[in-house]
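Worksheet: one structure, shown below.
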Amino acid sequence: MQSTFIQLGLTGYPLGHSLSPKIHSAALSEFGLQGDYSLFPVLPDDRQGMKVLLNRVREQNIRGLNVTIPHKEKIIPLLDELTPTARAIGAVNTIFLHKGKLIGENTDAAGFSTNLKQKTGFPDLGQPPAALILGAGGSARAVVYALNTDGWQVTIAARRIDQAEEVARSYKNVEIMEFNERTLKNINPQLIVNTTPIGMVPDTDRSPWPDLPMPQNTIVYDLVYNPRETKLVRDARAQGLSAFTGIGMLIEQATRAFEIWTGYRPSRSALMNAVDR
């Protein structure tokens, strides 16, 4: 039993959809730790507000922070160091203090890779399996890193080609294409991953996929986890495809972040039970 109060939290904007408070509260309870996981919304261009929040980590008022849209890339210049993984990805989702320095880590890539293998058995499909990534933001960077590390042929479909080019520049076997109906009609990947926030609460009637059939025999993985069945996943299943939301990735990345902050690795079952309540 530990008596020190552990303040953790999440920064990003908006945050109303987040299940992280439930997840990390369950992790604290599992080990009898006194603490709280709070939401710290910071507007997209509020650099000063982010500095103030990070100073609370420096002053050890906050033990650790998660970072989500739209700050995963923007926050990097405000940190002192990045782990090799975060540096390679170019995006941060976990922040902690080490020897007086603010360190940025990325647990999204490992969380995604672990959950994808649990759900699908990928990438044991022969080489090279092909994946289509929708979007080119901070979450896309982690997914591309994970898939590229596992030997996938990756194509990034984005409306901002310059942003996709910036992501692809760091990798082999990564191509880019414009995100529209014409280009999507001509592909047949084994995996489609949505890394955009389209379909997230409250916009649950929207899907990043245009109004055309998805490729046959593909598996769809939507990083959006709230709602638990997004329109993209619902539409894919209606076409007879296997499809999953990002709740498993959320759990996996959270276990890694919590261990960084506390030294304790929570069980997946305890965290999943928390979000199922």
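Observations
- Selection within segment 1-21 - surrounded by fewer than 20 Cβ atoms within 10 Å (Cβ to Cβ) and not in a strand (DSSP E or B): MET1, TYR13, PRO14, LEU15, GLY16, HIS17, LEU19, PRO21
- In segment 22-66, the residues that are farther than 22 Å from ARG265 by Cβ, in a helix (DSSP H, G or I), out of contact with any Leu (no Cβ under 7 Å at 6 or more places or on another chain) and of a type in the set (A, V, I, L, M): VAL52, LEU53
- Restricting attention to segment 125-167, the residues that are over 16 Å from THR195 (Cα atoms) and in contact with a helix residue (DSSP H, G or I) (Cβ under 7 Å, 6 or more places away or on another chain) add up to 1.
- Test result for GLY138, on the phi > 0 side of the Ramachandran plot and in the same structural domain as LEU232 (by TED's automatic domain parsing): no
- Count of segment 113-141 residues which are over 17 Å from the mean Cα position of the chain (by Cα), within 21 Å of GLU252 (Cα to Cα) and part of a loop (DSSP other than H, G, I, E, B): 4
- Applying the criterion of being outside any strand (DSSP E or B) and among the acidic types (Asp, Glu) to the residues of segment 142-188, the residue that is farthest from LYS72 (Cα to Cα) is GLU181.
- Screening SER207 against (1) of a type in the set (Gly, Ala, Ser); (2) assigned to a loop (DSSP other than H, G, I, E, B); (3) closer than 30 Å to LEU33 by Cα leaves a single unmet condition, (3).
- Options ASN226, ASN194, ASN188, ASN217: the member that is within 23 Å of ASN148 (Cβ to Cβ) and either surrounded by 15 or more Cβ atoms within 10 Å (Cβ to Cβ) or outside the structural domain of GLY135 (by TED's automatic domain parsing) (or both): ASN194
- Residue match in segment 262-277 (condition: surrounded by 14 or more Cβ atoms within 10 Å (Cβ to Cβ), assigned by TED's automatic domain parsing to the domain that holds ALA164, in contact (Cβ under 8 Å) with a residue 60 or more places away in the chain and closer than 23 Å to VAL92 by Cα): no
- Given (1) out of contact with any Asp or Glu (no Cβ under 8 Å at 6 or more places or on another chain); (2) within 25 Å of LEU19 (Cα to Cα); (3) assigned to a helix (DSSP H, G or I); (4) of a type in the set (A, V, I, L, M), number of the condition ILE69 does not satisfy: (3)
The values are calculated or read from the model by the stated rules, or taken from the named source; none is laboratory data. All values derive from a computational prediction rather than experimental measurement. As a convention, Cβ positions derive from the backbone with ideal geometry for all residues, glycine included, and neighbour counts pool all protein chains shown.
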